[in-house]
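Beneath this line is the structure, given in structure tokens, with notes to follow.
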Amino acid sequence: MKKSLMILGLLASCVAIGPASGADWVVGNVSPTSGPLAASGNDLRAGAQLAFNTVNNKGGIAGRKLRLVAEDNADQAAQSVTKARELIAKEHPIAFLATGDSAGSEALVREKVFVQAGIPLVGAKTGALAAALSGQPEVFLTRATYADELAAILKHCSVSGMKRLAFIYQNDSFGKDALAAAQKLAGPAGVEIVVSASYEPAVESVIQPVQTDKAVKTVLAVPHQAVIFAATTPATADFVQVYNPARGAFGVRFALSSSESPLVVQRAGIAPSRGLVIAQVVPSVRNESKPVIRKLIADLRAGGAEIEDVNPSPSFVEGYIAAQVLIEGLRRAGASADPAKLTQALQGLRNFDLGGYQVSFDSNSRSGSNFVELAVISSTGEAIR
């Protein structure tokens, strides 16, 4: 209950399209607040808003406060493009921040929404190489790519003696991008993708059981030692309940960061989720050795909450980190910042250390971080390193 109230309080700080104060820096956001990925989208925005609130309570940047204007894409990629263009036309934001869900973020890049508007996008929630290698100077990803995550997973499998791998992926640009990366990286890592199976994206929060069963049956037909899920949180939660010893499934289970460990456990339960290894592209909120996490906790406390009350998800941390990068860009751009000056300032970030999490941009890749760590869901339901 406390977490729900805290998240709702932060989301209440976000506003829908409407008139802005001339002194505000308007920052746009399009992410799912309804549909199967609503929890992830809400956490992403709440993390960003926590960072904004902290800055605003100290007077803003150059005397101007940050105002996050958020629109719901209902987890529909086409809606991401439509809503973003509407928001740009009505609000004239200085930047977009933390666009939630991979498919929607990829659509925004593919349609060159921010190139056409001349507005920077900071912290899109995607690890797709199509976005990272887009060459679009307005795109600034603040997280590792899915290829980085897969490299870490495949290396772990190789050194652990798991050479034959199965791969279950969502049948869209996100899943296909991940499968292609896995197939490319497998050989050099000394492993082999021996079987793959796909499922169709969910229209609602539950994919059709027949799809889950079919995908699992396909991979179980070929002997393997581990399986990788390139899937959303709801889908991974459904798969861990079906891919189990009762059906002859004994492979070690891995998932990309597109699956949120707390939400998988919430949906599937602790017992089916136990042992699932998830790639995480931001530090764990339990890792207080990282100064960026200590700062996040301090900001929560300043807002009247403890870490135990909120238990922030990886998406919450990802939104918070993306906001910190945008804030630094605005500081460097100065009081007269506009989208062009902000883009230039962000491009100048080299080895920017947020506190145990470095971000650096160059002309070859729009991905500013390669941070990946693997965490396993324990018998208590927590993801531990």
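One decimal place: the segment residue 24-residue 306 gains 98.6 nm when fully extended, by the rule 0.36 nm per residue minus the C-alpha distance.
The listed peptides 260-266, 306-312, 225-231, ordered by packing as a protection proxy, come out as 225-231, 260-266, 306-312 (highest mean of other Cβ atoms within 10 Å first). The per residue volume of the convex hull around the alpha-carbon atoms of segment 280-385 is 108 Å³. Take every pair of alpha-carbon atoms less than 8 Å apart whose residues are at least six positions apart; their mean separation over the length of the chain yields a relative contact order of 20 percent.
Axis angle, to the nearest 10 degrees, between helix 146-159 and the longest C-alpha principal axis of the chain: 40 degrees.
To the nearest 10 degrees, how steep is helix 209-220 against the longest Cα principal axis of the chain, on a 0 to 90 scale? In the chain, helix 209-220 runs at an angle near 60 degrees to the longest axis. Averaging the Cα positions of each part gives two centres, and for segment 181-199 and segment 287-313 these lie 37 Å apart. Taking the C-alpha atoms only, the angle from helix 2-13 to the longest principal axis of the chain is near 40 degrees.
Take 245-255, 64-74 and order them by the average number of nearby Cβ atoms within 10 Å per residue, most first; the result is 64-74, 245-255. Taking the helices alone, the chain has a mean residue ellipticity at 222 nm of -13500 deg cm²/dmol, built from -39,500 (n - 2.57) per DSSP H run of at least 4 residues and averaged over all its residues. The packing ranking, built from the mean of other Cβ atoms within 10 Å per residue, places the peptides 281-291, 46-56, 102-112 in the order 46-56, 102-112, 281-291, highest first. Simple rule: put +1 on each Lys or Arg Cβ and -1 on each Asp or Glu Cβ in the chain, find the dipole, and look at 298, 127, 198; the Cα lying farthest toward the positive end is 298.
Taking amide H atoms as placed 1.01 Å from N in the peptide plane, the amide H of residue 143 lies under 5 Å from those of 368, 369, each 5 or more residues away in sequence or on another chain. Take the Cα of residue 136, step 7 Å toward its Cβ, do the same at residue 298, and the gap between the two points is 3.5 nm.
Note on the chain: Cα-Cα pairs beyond 38 Å make up 15% of the total pair count.
Read-outs throughout are calculated quantities, based only on the coordinates presented, and are distinct from any laboratory measurement. Keep in mind the model is a prediction, meaning the values are calculated, not measured. Ideal geometry is used to build each Cβ from the backbone, glycine not excepted, and the neighbour counts take in all protein chains shown.
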